[in-house]
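All of the numbers you see were taken from the coordinates with simple rules; none came from a lab. Quick caveat, the model's predicted, so the values are computed rather than measured. Cβ coordinates were reconstructed from backbone atoms using ideal geometry, including for glycine residues, and neighbour counts include every protein chain displayed.
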Amino acid sequence: MKLVASESLSRLAALHCSACGTEYSAFDLQRVSACCNVPLVADYDLHEPLSRAVIDQADTSMWRYGALLPLLHEENKVTLGEGLTPLLRLPRLAARYDLANLLLKDEGQNPTGSFKARGLSMAVSKAKELGIEGCIIPTAGNAGVALAAYCARGGLKAVVVMPRHTPAAFKEECYWYGAEVELVDGLISDCGARVRQRNANGALLDISTLKEPYRLEGKKTMGYEIAEQLGWTLPDVLLYPAGGGTGLIGIWKAFQEMKQLGWLAPEVKLPRMVAVQAENCCPLLETYEGRQSNCHAYQGRATLANGLAVPHPLGEAMMLRVLHESNGTVVSVSEEGMLAGMRDLGQHEGLFVAPEGGAVWTAARQLLATGEIQPHENILLLNTGNGQKYMDNVAGRARG
Ligand SMILES: *Cc1c(COP(=O)(O)O)cnc(C)c1O
Ligand SMILES: [Zn+2]
């Protein structure tokens with residue numbers, strides 16, 4: 001289906017190959033780039049000035065940045081009110097660890113309990129706009145739940161393929177949204193193989209991380225919100241739990257766009273981006289530190305932070321680029337470290353975060369210990385999910 005951008009608020013202009021830059025139409029259905037078989041990235045027309053007044057202040061969701069989002073026609077929007085999550089100060093933890101300024105953006109407050117809501121709201125809206133009738137996704141849990149919810153909301157069929165060991169709450173929620181769920185022995189990469197086999201005829205749109213260009217556009221709204229919520233300044237360092245990496249790549253993309261738009265003053269420095277991984281599955285760390293040339297043969301294991309159990313991220317090269325461009329780094333956290341981080345955020349700040357969020361706080365402490373983060377810096381943690389869905393695995397572990 002060919003789309004027409006006329007009369008749309010969106011400045012969407014084209015897509016480009018993330019490896020070689022070849023341009024693709026943003027007005028036809030696209031998956032990965034035909035030239036290099038890597039993710040496609042959306043470009044906007046940012047030459048005409050666009051003031052911050054285009055932000056729709058009456059809209060308290062991520063859709064307030066509509067001009068910089070890819071949806072062309074309002075009637076295709078599939079929303080449950082995702083985004084504009086609170087940016088909380090953590091004064092008690094900061095005092096306890098002698099830190100000047102510690103912040104946490106709480107993505108656990110999104111519909112369906114994780115930041116996957118942003119990406120799936122956008123991807124399902126675009127699928128609807130492109131005339132798609134059904135979607136399929138391999139998932140470690142949260143993305144499947146979000147796909148199921150947004151497909152139900154938009155009237156699309158949803159097929160979710162997830163590891164059999166995923167905590168029950170994730171599977172159950174998919175059933176309640178009416179999705180078809182298939183369980184697979186293994187990790188998300190095995191689910192991905194099953195999706196390719198099952199969808200060989202291409203009847204459904206494969207919404208795998210970075211295999212279509214629009215989940216990234218949903219995730220980038222976190223970057224716009226962080227800047228807006230900080231009065232158009234940015235933290236010194238931002239820690240993000242990286243699995244497939246759409247958040248890391250998306251937030252960095254938002255920062256670049258805002259620089260280009262002049263929404264961030266030239267003197268505003270972009271933060272160092274820190275990717276946080278699980279010791280049980282840290283392909284990015286292994287590549288970053290030169291122990292492998294890429295993640296293709298990496299063997300990952302299951303982790304409490306199931307969102308981080310992504311052994312072969314398609315966006316590895318894009319993540320590495322963000323780490324290099326931002327002068328950032330990647331660290332891994334043990335299973336016990338995730339629980340310790342969850343305890344700290346729960347007992348000192350009243351936040352019941354996902355193990356991924358616990359990992360991010362423990363990673364910050366690890367980097368403070370090595371001096372890679374300084375106590376006087378502005379530190380921003382991203383908690384990507386709500387702890388409640390992980391109850392099967394964390395129940396009884398509130399004491400160390
Ligand atoms: C999916 C997920 C992640 C990883 O997100 P990517 O965008 O794939 O890097 C982190 N935390 C939670 C809770 C998730 O569900
Ligand atoms: Zn290419």
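Brief remarks follow.
- Debye intensity ratio I(q)/I(0), log10, segment 188-337, q values 0.11, 0.12, 0.16 Å⁻¹ (C-alpha model): -0.46, -0.54, -0.90
- For trypsin sites (Lys or Arg not before Pro), the sites in segment 1-93 that DSSP calls loop and that have at most 13 other Cβ atoms within 10 Å are Lys2.
- Each label point was placed 7 Å from the Cα along the Cα-to-Cβ direction; for Ala193 and Thr370 their separation is 3.3 nm.
- The convex hull of the Cα atoms of segment 79-173, projected and averaged over all directions, covers 7.6 nm².
- Fully extending the segment from Asn294 to Gln229 would add 19.8 nm, taking 0.36 nm per residue of separation and subtracting the current Cα-Cα distance.
- Counting every other Cβ atom within 10 Å of each residue's Cβ, Ile251, Ile136, Ile207, Ile55 order from fewest to most as Ile55, Ile136, Ile251, Ile207.
- Taking a quarter of the surface of the Cα convex hull of segment 231-295 gives a mean projected area of 5.3 nm².
- Selected from Gly202, Tyr175, Gly218, residue furthest toward positive end of dipole (segment 163-244; charges at beta carbon): Gly202
- Largest mean-square fluctuation among Ala305, Ala227, Ala200, in a Gaussian network model of the chain whose springs join Cα atoms under 10 Å apart, belongs to Ala200.
- What you get for segment 116-200, charging only the Cβ of Lys and Arg (+1) and of Asp and Glu (-1), is a dipole of about 220 debye around the Cα centre.
- In order along segment 76-93, the Karplus-derived 3J(HN,Hα) couplings, from 6.51 cos²θ - 1.76 cosθ + 1.60 at θ = phi - 60°, round to 8, 5, 10, 10, 10, x, 5, x, 6, 6, x, 9, 9, 7, 10, x, 6, 5 Hz, and Gly and Pro are given as x.
- Sites Gln256 and Thr22, calculated FRET efficiency, Cβ-Cβ separation with R0 22 Å, nearest 0.05: 0.70
- Compactness ratio for segment 112-223: Cα radius of gyration over 2.2 N^0.38 Å (N = residue count) comes to 0.95.
- Shown here for segment 284-350: GluC sites (Glu not before Pro) in loop regions (DSSP other than H, G, I, E, B) with at most 15 other Cβ atoms within 10 Å, namely Glu289.
- Footprinting exposure proxy ranking of Tyr390, Tyr288, fewest other C-beta atoms within 10 angstrom first, gives Tyr288, Tyr390.
- When the chain is treated as a Gaussian network with alpha carbon springs shorter than 10 Å, the biggest mean-square fluctuation among Glu23, Glu48, Glu217 belongs to Glu48.
- Segment 248-400 - Kirkwood radius from inverse mean 1/r over Cα pairs (Å): 16.5 Å
- Legend: ranking of residues Lys157, Lys219 from fewest to most surrounding C-beta atoms inside 10 Å; resulting order Lys157, Lys219.
- Note on Asp392 and His348: with the Förster distance fixed at 22 Å, the Cβ-Cβ geometry gives a FRET efficiency of about 0.35.
- The chain - Kirkwood radius from inverse mean 1/r over Cα pairs (Å): 20.9 Å
- Label point distance in nm, Asn101-Ser8, each placed 7 Å from Cα along Cα→Cβ: 3.7 nm
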